[in-house]
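Asker: Got a structure for you, questions after.
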2 protein chains.
Amino acid sequence: VDQDRALDLLAGARVARLGSIAPDGRPHLVPVTFALAVRGPGPVIAVLYTAVDAKPKSTRQLRRLDNIRRDERVAVLADHYSEDWAQLWWVRADGAAAELPASDEQDTALRLLAQRYPQYRAQPPPGPVIAIGITRLTGWAASPAGRDPD
Amino acid sequence: VDQDRALDLLAGARVARLGSIAPDGRPHLVPVTFALAVRGPGPVIAVLYTAVDAKPKSTRQLRRLDNIRRDERVAVLADHYSEDWAQLWWVRADGAAAELPASDEQDTALRLLAQRYPQYRAQPPPGPVIAIGITRLTGWAASPAGRDPD
């Protein structure tokens, strides 16, 4: 699929998986909810925001933060599975991740997340927000047009 | 969730995401179908088999193979998303991946995959089979019991 279609598919997904690199070089994967802000011309195609909503007391849950502090390079994958394999598609976003400081951008990110997820309107995420500047979008669909998940 | 529960959840998932390390150190993610063979006592909890069913002419689709030849360390993530966040769960399997040579194990892997996916019975996967020896299983569920996806 082309980049515009990949962006549409990613924007429509309710969950994605964040891949980062652990200190020992292993890949680390965790599912994330997210919101996208599309950017104008330039190397950053879009910014993906995801909030850490893990229990703050649990250090294990914060491995993604430790990882991106050491190596900002991440990949995010959204995919659609169906028993009808003609409906399969996936989109991978490569980019650089950073934890947002308290800022206007953080406020915007939290607002975008609350707009997408009623669950966040009931209970805003406690954790920091990660911003990922997407510089590459690749995707694949079994059928030429792909299809949004229901 | 404990290891037995994590294994049950993984075994019930229809799709997972394979994370490997690209030559430049970036994380690389791709969705995979898979079958599990549970192992007895020992460091390997289970072996996850996944077949490459990409078009053989497309070298891009084989990046996962290049990656595991350079660095066998992979992570596999299965997760369940629901708008009812009390139903969320995920399982991550860490292990070592290798491409299987033509062998009894490859035959077994292809049989297990065909048992799980009618699509593979109609059309066996053309590509090589990757075997991942899972040495660590971690998981999380929003509700104590977790729940299988429907």
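The values are calculated or read from the model by the stated rules, or taken from the named source; none is laboratory data. A quick note: this is a predicted structure, and the numbers were derived from the prediction, not measured. Positions of Cβ are generated from backbone atoms using ideal geometry, with glycine treated the same way; all protein chains shown enter the neighbour counts. Ligands, DNA and RNA are stripped out before the accessible areas are found, and what is left, the full protein with its side chains, is counted by its heavy atoms. Shrake-Rupley method; radii C 1.70, N 1.55, O 1.52, S 1.80 Å.
Asker: Take the residues of the range B:82-99 that are of a type outside the set (Val, Ile, Thr) and crowded, with 18+ Cβ neighbours inside 10 Å: which is farthest from A:ARG63 (Cα to Cα)?
Answerer: Keep residues of the range B:82-99 that are of a type outside the set (Val, Ile, Thr), which gives B:82-90, B:92-99.
In the following step, the residues that additionally are crowded, with 18+ Cβ neighbours inside 10 Å were identified as B:88-90, B:92-95, B:97.
Values: B:LEU88: 19, B:TRP89: 18, B:TRP90: 15, B:ARG92: 13, B:ALA93: 15, B:ASP94: 15, B:GLY95: 18, B:ALA97: 23 Å.
Top of the filtered list is B:ALA97.
Asker: Where in the range B:1-83 are there strands (runs of 3 or more DSSP E), lying wholly inside it, with at least 1 residues that are farther than 15 Å from B:VAL129 by Cβ and at the interface with chain A (Cβ under 9 Å from one of its Cβ atoms)?
Answerer: Details: elements: B:16-21, B:27-32, B:35-38, B:46-51, B:73-80.
Once the strands (runs of 3 or more DSSP E) in the range B:1-83 are filtered for at least 1 residues that are farther than 15 Å from B:VAL129 by Cβ and at the interface with chain A (Cβ under 9 Å from one of its Cβ atoms), what remains is B:16-21, B:27-32, B:73-80.
Asker: When you scan the range A:128-135, do you find a residue that is in contact with a strand residue (DSSP E or B) (Cβ under 8 Å, 6 or more places away or on another chain), crowded, with 19+ Cβ neighbours inside 10 Å and of a type in the set (S, T, N, Q), even just one?
Answerer: No: zero hits.
Asker: In the range B:33-44, which residues are open to solvent by 10 Å² or more (accessible area, probe 1.4 Å) and either within 21 Å of B:ARG17 (Cβ to Cβ) or among the aliphatic types (A, V, I, L, M) (or both)?
Answerer: The answer is B:THR33, B:LEU36, B:ALA37, B:VAL38, B:VAL44.
Asker: So is A:TRP90 within 25 Å of A:ALA22 (Cα to Cα) and in contact (Cβ under 8 Å) with a residue 40 or more places away in the chain or not? I'd like the intermediate steps shown before the answer.
Answerer: Details: within 25 Å of A:ALA22 (Cα to Cα): yes; in contact (Cβ under 8 Å) with a residue 40 or more places away in the chain: yes.
So A:TRP90 passes the test.
Asker: So, of the residues in the range B:100-126 that are polar (S, T, N, Q) and touching a residue at least 40 places away in the same chain (Cβ under 8 Å), which turns out to be surrounded by the most Cβ atoms within 10 Å (Cβ to Cβ)? Let's see the steps before the verdict.
Answerer: Taking the range B:100-126 as the starting set, the residues that turn out to be polar (S, T, N, Q) are B:103, B:106, B:108, B:115, B:119, B:123.
Keeping just the survivors that are touching a residue at least 40 places away in the same chain (Cβ under 8 Å) gives B:108, B:115.
Values: B:THR108: 17, B:GLN115: 11.
Per the criteria, the residue is B:THR108.
Asker: Here is a list: B:VAL52, B:VAL47, B:VAL30. Which entry is open to solvent by less than 20 Å² (accessible area, probe 1.4 Å) and over 26 Å from B:TRP89 (Cβ atoms)?
Answerer: On the way: B:VAL47 fails: over 26 Å from B:TRP89 (Cβ atoms); B:VAL30 fails: over 26 Å from B:TRP89 (Cβ atoms).
The conditions single out B:VAL52.
Asker: Let me ask something else about it. Criterion first (out of contact with any Lys or Arg (no Cβ under 7 Å at 6 or more places or on another chain) and either within 13 Å of chain B (Cβ to nearest Cβ) or over 28 Å from A:ARG70 (Cβ atoms) (or both)) does A:ALA109 satisfy it?
Answerer: Numbers: out of contact with any Lys or Arg (no Cβ under 7 Å at 6 or more places or on another chain): yes; either within 13 Å of chain B (Cβ to nearest Cβ) or over 28 Å from A:ARG70 (Cβ atoms) (or both): no.
In short, no.
Asker: Closer than 21 Å to B:PRO101 by Cβ and either modelled with pLDDT of 95 or more or open to solvent by 50 Å² or more (accessible area, probe 1.4 Å) (or both): does that describe B:ALA22?
Answerer: no
Asker: So, one more: Can you find even one residue in the range B:61-73 that is under 28 Å from A:LEU137 (Cα atoms) and touching a helix residue (DSSP H, G or I) at 6+ places or on another chain (Cβ under 7 Å)? Give the steps one after another, and end with the answer.
Answerer: The first filter runs over the range B:61-73 and keeps only residues under 28 Å from A:LEU137 (Cα atoms), leaving B:61-73.
Cutting the leftovers down to touching a helix residue (DSSP H, G or I) at 6+ places or on another chain (Cβ under 7 Å) gives us none.
Checking the range B:61-73: not a single residue is under 28 Å from A:LEU137 (Cα atoms) and touching a helix residue (DSSP H, G or I) at 6+ places or on another chain (Cβ under 7 Å).
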